[in-house]
Each structure stands twice: as C-alpha cells, then as structure tokens.
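The values are calculated or read from the model by the stated rules, or taken from the named source; none is laboratory data. These numbers come from a predicted model, not from an experiment. Here the Cβ is made from the backbone with ideal geometry for all residues, glycine too, and neighbour counts use every protein chain on show. When the accessible area is computed, the model is the full protein with side chains, heavy atoms only, and any ligands, DNA or RNA have been set aside. Shrake-Rupley method; radii C 1.70, N 1.55, O 1.52, S 1.80 Å.
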Amino acid sequence: MNLVNKLLWRKVGILSATFLSLFFLLSACNKADSVLGLNALDPSDLLNANQVDTFTLETYTIVEDSVITDNPAFSLLGSYNDPQFGTFDASFYTQLRLSGINPNFGDLSTITVDSIVLGLEYAGYYGKFNQQSLEVYEITESLHIDSTYYAFTSKTINNVNLVEPGYEQFIPKPTGGTVIGSDTVDTQLRIRLRNTLAQQLINEAASSGTNFASNENFLNYFKGLKIKVNNPPQASGTGGVFYFNINDPLSKMTIYYTQDSNKKRFDFLINSECADFNHVEVDNSGKPIANVIANHAAGQKEFYAQAFKTRAVVKMNGVKNLPSNIVIHKAQILLPIQYQMGATYGIPNELSASIRINNQLSGIGVFGIYDQSYKRYTIDARNYIQALIKGEITTDELLVSPRYFITGAERVIFNGQQTINKSKPKLIVTYTEF
C-alpha cells in the first residue's frame, strides 16, 4: 500500500474513545519495542519482575455490517480482485457548492462551452494501475452534512452517465504532477464531463430563477454527484482503489468557456461544508476468509482483517486471572502475518486496536506497528491489560483492523496459534506484585 502523507484530516471519527479513561490515551503513540511503563519502578526493581507469555489466545474474524463512512478523510474510487479476499469496489457521493452566488454569464449567445471537468486530487492508492472505467451521475436525493451514512448507503440518481463519451476509460496515475493550462499542480484525476451539463448549469444561472442565489438553493436544485467505476470482471490480482482529497481547493468541477474570444471559467467547489460519503462493496465469497467468518474455530489457523468489512479478534484468555495487586511494566501483543513476497495487495503499516462496550466500538488509543524484520505487528497493550486486571474494563476481546478502516482499502492475514508457520501470536506481560 502506498499512501501520500500530505493531507489535513477532517472529521476522522474512525473510532470514538470519548468515554474511556485517560490512561488509554497515554499509549496513543508507541514503538514496536516500547518502553512505556518501565519507569513505574526503579530499573533495579525490575530484576524481581515476573514475565508470563503462556496465555491462550483465541483468534477469529468478525464482520462490521454498519460502517459509518460520511465525511471521510479520503474519498475512494476503484475496484480490485484480491486472490485471498475477493472483490473490493469503492465509489463516493458528494455535494458541490458555488464559488460565487448569482454568477453573471452575460449574453449567453456569445458563450461557447469548451469543456467541463471534474478534478480530483490523488492522495494515495492501493493495488495496481490497471485501466478502469468511470461513470458519474447526478444525485436526485438530497445529502445532509449532519446525516449519518454507511458503506452500504445508496442515493437515487439520474441514470444518464455524465462522463463525456470516449473519456470513460482511464489509467490511474496517482504520482507525479498534472498540468492544467500553464500550471503544474499535485496529481489529479481529470474527468471530462458532457458539455450539455455545463450548458444546463449556465442556462439555469442566467435564468430569472433563484437556484444560484445561495448555496442552499443550489443544493436543492443540483444535489450532487455519484462517482463510480463500472469495470468488467477483473482477473484475480488486478485492479486498485485510489484515494482522493476532495477537500483540497483544486478538487472541484470547472466549466471552461469562451465568451467574445475571451477564455473564462466558473468553479463548483467541494469543501468541508459539503456532505460526502464512501460507498463500498466487498465480496469475500469463495475465499478462505469466508470460512473463518462463518467458523470462528478456523481462525486458530489464520485470521483476517480488511478495511470497511472485517476486524480480527484476539481474545486473551487467562489475563483476568493475573493477581489484582500487580503493576504492569510491559504488555506486548505480537501478531505475525502470513508474509507474501511480492504480493500485489500488501499490508498496512499500522493497525488500530479497539474494544466493544455496550455494543459500541471504542478506540483505546493503541496502534500496532509493523516490524518488517520479524514480519509481525507489535501492539503495546500495557494500559489496556492493567485496566483489564483492575476491572476498569471487562472485555478481553481486542478488535484489530487496518488503522484507516474507512479511508483505505488494505487488508492483512494473521497467523493463528495453530498455524503451520513458525511464528504464532503471543501476549507477553511483565509485571511486579506489590
């Protein structure tokens, strides 16, 4: 996976931790071999510390069937066919806003529409740069900035594909730069739309109506766009999903026109005031992950996690049996992966860890960092294990998934404790009784 770390995030509410104790936040940033907590006692006292690594770990995979995707940091577009996970198809919906109310286009008889282009700034990608086929539709159902939208949410559309005929096919180019006129800007996907759309909007703006008198009126008139791909069945190991920063000022829809020999333009903006959400369809049927989802016991050999769809579960039997009068100095969860040399669909650099309380998912400020040398993730779970022993939390099931669960397309395969591979998952706790 490649990710361009150059964005300002907005409303990244992937997991809520507002009601958890402050101790969780202390472990938000950690390294693969963290020393967090080693200052709880004088270093010389650690000579008397105990260490246990014989916990039985139950591992399996669960499906998240109500993934909230509104106002994400990235908008996703594209599809791929993963030999291990099946197909992944991503599209998104967004509103557009006026760059200026009541635009004056003057005498319409002097205007010639040159083009209308939807520009989307790349923010990263996952998979291959195989050719894909674009479709863009006008939404006929209103979006609302304060509404909740899910990965499965769909909105009604006008069934006319707005992509200019002959411009549907594109080969993704998420790196480098894009030339617009005489300027080179950060790399964009430039989608050529039908000139009839531009003419429709210009005519409406020039009419005596009020649809361009305010953004509220405009959004009631033109409710937004759905941007998707419509690819033929993809061969296993082909395709990719591409991430776009639609909050960037250069992500917008622009009408280019000529008036009395003068080149002009008018922009329709996409910004933080626009409602938008990702729509993602994942089909794991017929793949090994489907068996683990259906049969938790199969997760003892291997278990899975995938953005938008599944989380890996690590249940730590026996942790609650540790003495309550102990100080945890170090607690590491080691999760080795099934490493696939040269795999098209790689693994995320980081995992997020969360728990479920009263059927609500809550982040605990803990991340798993991938260690290339050991081919495993290491999660510093000191604060979590300490709270578990004290009874401040009761669930010993840790949910693990790619860190950017609603803004990426990554997946990972973990070794279970009954794996035929050498490395197995493990919890190692170092503590002192007091």
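Give just the number: which of (1) at pLDDT 95 or above; (2) open to solvent by 70 Å² or more (accessible area, probe 1.4 Å); (3) within 22 Å of the chain's Cα centre (by Cα) does ASP186 not satisfy?
(1)
For the structure I just gave you, tell me whether SER373 is touching a Lys or Arg at 6+ places or on another chain (Cβ under 8 Å) and either surrounded by fewer than 21 Cβ atoms within 10 Å (Cβ to Cβ) or more than 28 Å from ALA49 (Cβ to Cβ) (or both). Working first, answer last.
Numbers: touching a Lys or Arg at 6+ places or on another chain (Cβ under 8 Å): no; either surrounded by fewer than 21 Cβ atoms within 10 Å (Cβ to Cβ) or more than 28 Å from ALA49 (Cβ to Cβ) (or both): yes.
In short, no.
Which ones in the stretch 146-204 are acidic (Asp, Glu) and closer than 18 Å to PHE242 by Cβ?
Of the stretch 146-204, the ones acidic (Asp, Glu) are 146, 164, 168, 183, 186, 204.
Across the stretch 146-204, the qualifying residues are GLU168, ASP186.
Can you tell me which residue is modelled with the lowest pLDDT among those in the stretch 101-125 that are among the small types (Gly, Ala, Ser) and surrounded by fewer than 21 Cβ atoms within 10 Å (Cβ to Cβ)?
Quick first cut of the stretch 101-125, residues among the small types (Gly, Ala, Ser) only: 106, 109, 115, 119, 123-124.
If we keep only those that are surrounded by fewer than 21 Cβ atoms within 10 Å (Cβ to Cβ) as well, we get 106, 109, 115.
On the way: GLY106: 90, SER109: 93, SER115: 97.
Per the criteria, the residue is GLY106.
Among strands (runs of 3 or more DSSP E) lying entirely in the stretch 51-100, which contain 2 or more residues that are open to solvent by 10 Å² or more (accessible area, probe 1.4 Å)?
Values: elements: 56-63, 75-82, 86-94.
Of the strands (runs of 3 or more DSSP E) lying wholly inside the stretch 51-100, those with at least 2 residues that are open to solvent by 10 Å² or more (accessible area, probe 1.4 Å) span 56-63, 86-94.
Only one of (1) in contact with a helix residue (DSSP H, G or I) (Cβ under 9 Å, 6 or more places away or on another chain); (2) open to solvent by 50 Å² or more (accessible area, probe 1.4 Å) is not met by LYS264, so which one is it?
(1)
Within the stretch 394-423, which residues are surrounded by fewer than 22 Cβ atoms within 10 Å (Cβ to Cβ), under 16 Å from GLY318 (Cβ atoms) and under 28 Å from the mean Cα position of the chain (by Cα)?
THR395, ASP396, GLU397, listed by residue number.
Could you give every pair whose Cβ atoms fall below 9 Å, whose first residue belongs to the stretch 318-335 and is in contact (Cβ under 8 Å) with a residue 60 or more places away in the chain and in a strand (DSSP E or B), and whose second residue is open to solvent by 40 Å² or more (accessible area, probe 1.4 Å) and aromatic (Phe, Trp, Tyr), counting only separations of at least 6 or pairs across chains?
Short answer, once both residue conditions are applied: ILE326/PHE434; VAL327/PHE434; LEU334/TYR374.
When you check LEU427 against the structure, is it crowded, with 20+ Cβ neighbours inside 10 Å, under 29 Å from ASP283 (Cβ atoms) and either at pLDDT 95 or above or not small (Gly, Ala, Ser) (or both), yes or no? Steps first, please.
Values: crowded, with 20+ Cβ neighbours inside 10 Å: yes; under 29 Å from ASP283 (Cβ atoms): no; either at pLDDT 95 or above or not small (Gly, Ala, Ser) (or both): yes.
When the stated conditions are applied, LEU427 does not pass them.
Does LEU388 satisfy the condition of being in contact with a helix residue (DSSP H, G or I) (Cβ under 8 Å, 6 or more places away or on another chain), closer than 14 Å to TYR60 by Cα and not in a loop (DSSP other than H, G, I, E, B)?
Details: in contact with a helix residue (DSSP H, G or I) (Cβ under 8 Å, 6 or more places away or on another chain): yes; closer than 14 Å to TYR60 by Cα: no; not in a loop (DSSP other than H, G, I, E, B): yes.
No, not satisfied.
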